[in-house]
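**Student:** Let me begin by handing over the structure; questions about it come next.
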Amino acid sequence: MSVDVRTAAPGPRPGPKREPRPAPSGAHTSGAPAHDTGWSIGDRVGLIAAWICGISLCVIAASIVVFMALKGIQFLHLDMLTKSPEASVDQSTSGGFLDPLIGTLMLTVIGISIAIPVGVGIAVWLTEYGRPSALARFVESGVEIVAGTPSIVLAIFGLLVFQQSFMGVFSFTAEGGAVFGRSFIVAGTMMALIALPLVIGSTREALNTIPRHVREASYALGKDKASTIRRVLLPSARSGIATGATLGMGRICGDTAIVVILLGASMQITPEGGFLGLFRGTGSTLTSYVYNNSPSGEGNAPDKAYAAAFVLLMIVIVLNFIVGLIGKRNKPQWN
Amino acid sequence: MEAASLSDVDLQEQTLEVDRTDRRVELLLGALASSVLLLIAGMIVFVFLKALPSFTHNGIGWFLSGGSIDEQLTDIFNSPAEPADYVYHLRAFPLLYATALITGVAVFISVIFSVLAGIFIVEFAPNRLRRVIEPVVKLLAAVPSVIYGLIGILVVVPFVAEHFISEGRKESVAYVVQLDGTSVMVGIFILTIMICPIMIAIIVDALRAVPNKWVEGAAALGVNRWRAMRTVSLRAIRPAIVAALVLATARALGEAIMLSMVAGSVGFSPNPMDGLTFFFEPARPLASTIVDNAEGLSVVPFGQTMYAFAAILLISSFFLSFTGWVARRSFSKYTLGAR
């Protein structure tokens, strides 16, 4: 058996090699021939199990990607992206998914534009101030708890809050005075909570990699902490913030529970009157469109569902690609 | 100190001014950070207050089994408009059981699978394969659950219905439940596929971070690569495995849409006494129940019952975060820190 030792790790790691031979680009190839006495039965079983798991992971991953690509190419037509959905039993006349697409984009923008300032603020406080330290520890675990809270719980908590009468400005108020509690701004606010832990996490990570002497250099120039943060630390943490934001956008795009409960489940975007009516109105997103058009929803138009799922997957892939791109771009070097 | 010269006074005033802005920023950001705690407190108070009637009417019976949960939910939904006549009778065991069963089994399978797959990716995979599989795993971790649900209900469910559910099997449980392919097994299967990439991504990152020296030390002692992996690297990344476990369990616990699509959406307790048929019986976890009944939230007693389900989920996720925290604290020595 001849397998490669990982190359991504810094520096070569010698395996139990018998016949070292020069390998291309620093890769170490180690021979573990059959007469190697170090391999007990248990080791062999473990090794085989690892191979089986690895290979089946590849197979499953490949089949999901290929399957979705095939279905997407089969069912996606360009006019689906430009037509609004219509209520129809027949799949050929039920329109496209322009409104859900716009809904997804709107919700993502609302959610992330709330999550970034709040998340960066919290991350800065945690890394740069963090006093009293007991409070900082509590906030840290609080962020972890928010990250672990199921989105369905966040959704119905949001409904509870935004149905209070003083929250009426954010959504539609019925004639009896009952607040509907469902709108883009409501759903977007709750979505921000999903993205928040990701933004906080990667911003903190970025801030932590900035060495102390950079801060001290800024203080030595007479800058106070606040302007050091604003002028030195945040610009350096930009790529970390962007990574967190992009990951957060991916999560917002993909969440269904909050949309089903907090976006009012109207097929087309239905703005309310008055100032910022669009944001107070209801709508749908690609996720809820897929859910409603799957056999478990009322629409039951699997072709449309596949097409919308493909578009959604494309959005997620693009976001993922952006994360990779940000990670690759040269970060500030501190020395 | 001598009497301060003019410039010194200026400097002092300037420093004071600077201190004041600094203090303001600190307070502002601190308040922002504390709002997270306020949010959590608000969540607990609001959800539990709303859920209280459902718990108080049923007492400990809430957690037990008895009667059909779907009929009870219908009765609650149709309760009279008079607040005095609200129906609250509920025996929620089938939902709790379904949640625990599906989450538990899926997470158990995923941990084993993910650790092995992580080892494979880091240590044994051919270079070319690794370069492809890593981004794909990251992508799969980000795929929305509704897409998994769609594939589940359009591909896996019909497959199971066709190949595994015979007429005889259908008849054997026809007196309690209908088998149509949407089942616990499909739910567990899709959930496993869904949470594995999340765990693998974390485990791979952690394995990468194990210092080379440690593994080299093992290799120097004549230990083979598998043994070195198992005894050194895996032990070192225990906190990361716990972190992955907590994250994946949280996702599984809160998974509503996908499970409501593929796991049957019937308030039924799959009975292990049914043998193999057990795996093909439908179930519905707590989170799916809330999503399925989103329209009924405005009916007061029904909404309160839904908030009771949410309260259970909230408690479970708190408990989970706490367990993860305790577990990670307990191996502090010779391990790598996990976020």
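Values quoted throughout were computed directly from the atomic coordinates according to the rules given, and no laboratory measurement underlies them. Remember, predicted model here, so these are calculated numbers, not experimental data. For neighbour counting, all protein chains shown are included, and Cβ atoms are generated from backbone atoms with ideal geometry for every residue, glycine included.
**Student:** So what are the ³J(HN,Hα) numbers for segment A:78-86, from phi and the Karplus equation (6.51, -1.76, 1.60; θ = phi - 60°), rounded to whole Hz, Gly and Pro as x?
**Tutor:** Ordered by residue, 3J(HN,Hα) equals 4, 5, 5, 7, 10, 10, 7, x, 10 Hz.
**Student:** So how compact is the protein assembly as shown: Cα radius of gyration and Dmax in angstrom?
**Tutor:** Using the Cα atoms of the protein assembly as shown, the pair Rg, Dmax is 27.2, 102 Å.
**Student:** On average over all directions, what projected area in square nanometres does segment B:89-232 have, based on the convex hull of its Cα atoms? Could the numbers behind the result be given before it?
**Tutor:** Numbers: hull surface 51.2 nm².
Averaged projected hull area, Cα only: 12.8 nm².
**Student:** In whole Å, what is the distance between the alpha-carbon centres of segment B:54-101 and segment A:229-294?
**Tutor:** If we compute the Cα centre of each part, the gap is 34 Å.
**Student:** At 25 °C and 0.890 mPa s, what whole-number value in µm²/s does Stokes-Einstein give for the translational diffusion of segment A:57-195, with Rh from the Kirkwood sum over Cα pairs?
**Tutor:** After rounding, the answer is 130 µm²/s.
**Student:** Using just the Cα positions, wrap segment A:129-207 in a convex hull and report its mean projected area in square nanometres, one decimal place. If you can, show how the numbers build up before the last one.
**Tutor:** Details: hull surface 25.9 nm².
Approximately 6.5 nm², given one-decimal rounding.
**Student:** Sticking with this one: Hey, could you grab the Kirkwood Rh for chain B? Inverse mean 1/r over distinct alpha carbon pairs, Å, one decimal.
**Tutor:** On the way: mean 1/r = 0.0423 Å⁻¹.
Hydrodynamic radius (Kirkwood, Cα pairs) of chain B is 23.6 Å.
**Student:** Next question. Along the charge dipole of chain B, which of B:M258, B:T182, B:I195 sits closest to the positive end, that is, farthest toward it, with unit charges on the beta carbon of Lys, Arg, Asp and Glu (+1, +1, -1, -1)?
**Tutor:** Farthest towards the positive end: B:I195.
**Student:** Using a Förster distance of 45 Å, how high is the FRET efficiency between B:D70 and A:V169, based on the Cβ-Cβ distance and rounded to 0.05? Can you show the working numbers first?
**Tutor:** Details: r = 38 Å, r/R0 = 0.85.
The computed FRET efficiency comes out at 0.75.
**Student:** Then there's this: Which three extents, in angstrom, do the Cα atoms of segment B:231-279 have along their principal axes, listed largest first?
**Tutor:** Projected onto the principal axes, the Cα atoms of segment B:231-279 cover 44, 27, 13 Å.
**Student:** Out of every Cα pair in segment B:118-165, what percent are spaced more than 13 Å from each other? Could you put the intermediate results ahead of the total?
**Tutor:** Working: 761 of 1128 pairs.
For segment B:118-165, the share of Cα pairs beyond 13 Å comes to 67 percent.
**Student:** Provide, as a two-decimal number, the C-alpha radius of gyration of segment B:28-104 over 2.2 N^0.38 Å, N being how many residues it has.
**Tutor:** Details: Rg = 17.2 Å, N = 77, 2.2 N^0.38 = 11.5 Å.
Compactness ratio reported: 1.50.
**Student:** Where in segment B:159-222 are there trypsin sites (Lys or Arg not before Pro) that are in a DSSP coil and have at most 13 other Cβ atoms within 10 angstrom of their Cβ?
**Tutor:** For trypsin sites (Lys or Arg not before Pro) across segment B:159-222 that sit outside H, G, I, E and B with at most 13 neighbouring Cβ atoms in 10 Å, the list is empty.
**Student:** When chain B is modelled as a GNM with alpha-carbon springs shorter than 10 Å, which of B:L150, B:L39, B:L179 fluctuates the most?
**Tutor:** Checking each option, the largest mean-square fluctuation is seen for B:L39.
**Student:** Which value in Å is the Kirkwood Rh of segment B:19-164 over different Cα pairs? List each step's numbers first, then the result.
**Tutor:** Details: mean 1/r = 0.0466 Å⁻¹.
21.4 Å is the Kirkwood radius here.
**Student:** How large is the dipole of segment A:208-287 about the Cα centre if only Lys and Arg carry +1 and Asp and Glu carry -1, each at its Cβ, rounded to the nearest 20 debye? Before the final figure, lay out each step's value.
**Tutor:** Numbers: 9 positive and 4 negative charges, 99 e Å.
Here segment A:208-287 has a charge dipole of around 480 debye.
**Student:** Once phi is turned into ³J(HN,Hα) by the Karplus curve 6.51 cos²θ - 1.76 cosθ + 1.60 with θ = phi - 60°, what whole-Hz value does each residue of segment B:212-222 show in order, with x for glycine and proline?
**Tutor:** Coupling constants for segment B:212-222: 4, 3, 5, 6, 4, x, 5, 4, 5, 7, x Hz.
**Student:** Follow-up. Based on Cα coordinates alone, diagonalise the gyration tensor for segment B:76-144, multiply each eigenvalue by 5, take square roots, and list the semi-axes in whole Å, largest first. Spell out each step's value before the answer.
**Tutor:** Numbers: eigenvalues 467, 47, 6 Å².
Working from the Cα gyration tensor, I get semi-axes of 48, 15, 5 Å.
**Student:** Return the long-range amide H neighbours of A:G95 (sequence gap of 5 or more, or a different chain), with a cut-off of under 5 Å between placed amide H atoms.
**Tutor:** The list, which skips near neighbours in sequence, is A:E86.
**Student:** Rounding to the nearest 20 debye, state how big the charge dipole of the protein assembly as shown is about its Cα centre with +1 on each Lys and Arg Cβ and -1 on each Asp and Glu Cβ.
**Tutor:** Working: 49 positive and 45 negative charges, 623 e Å.
Value, rounded to 20: 3000 debye.
**Student:** Throw me the Rg/Rh for segment A:217-335, computed over C-alpha atoms with Kirkwood Rh, two decimals.
**Tutor:** Numbers: Rg = 21.0 Å, Rh = 17.7 Å.
Using Cα coordinates only, the ratio equals 1.19.
**Student:** Run the numbers for B:R329 and B:F77: contour at 0.36 nm per residue of separation, minus the present Cα-Cα distance, in nm.
**Tutor:** Values: separation 252, 0.36 × 252 = 90.72 nm, distance 4.54 nm.
Residue separation times 0.36 nm, minus the Cα-Cα distance, leaves 86.2 nm.
**Student:** Still on this structure, I have one more. How big is segment B:164-215 on each of its three principal axes, counting only the C-alpha atoms and giving the largest first in Å?
**Tutor:** For segment B:164-215, the Cα spread along each principal axis is 62, 17, 15 Å.
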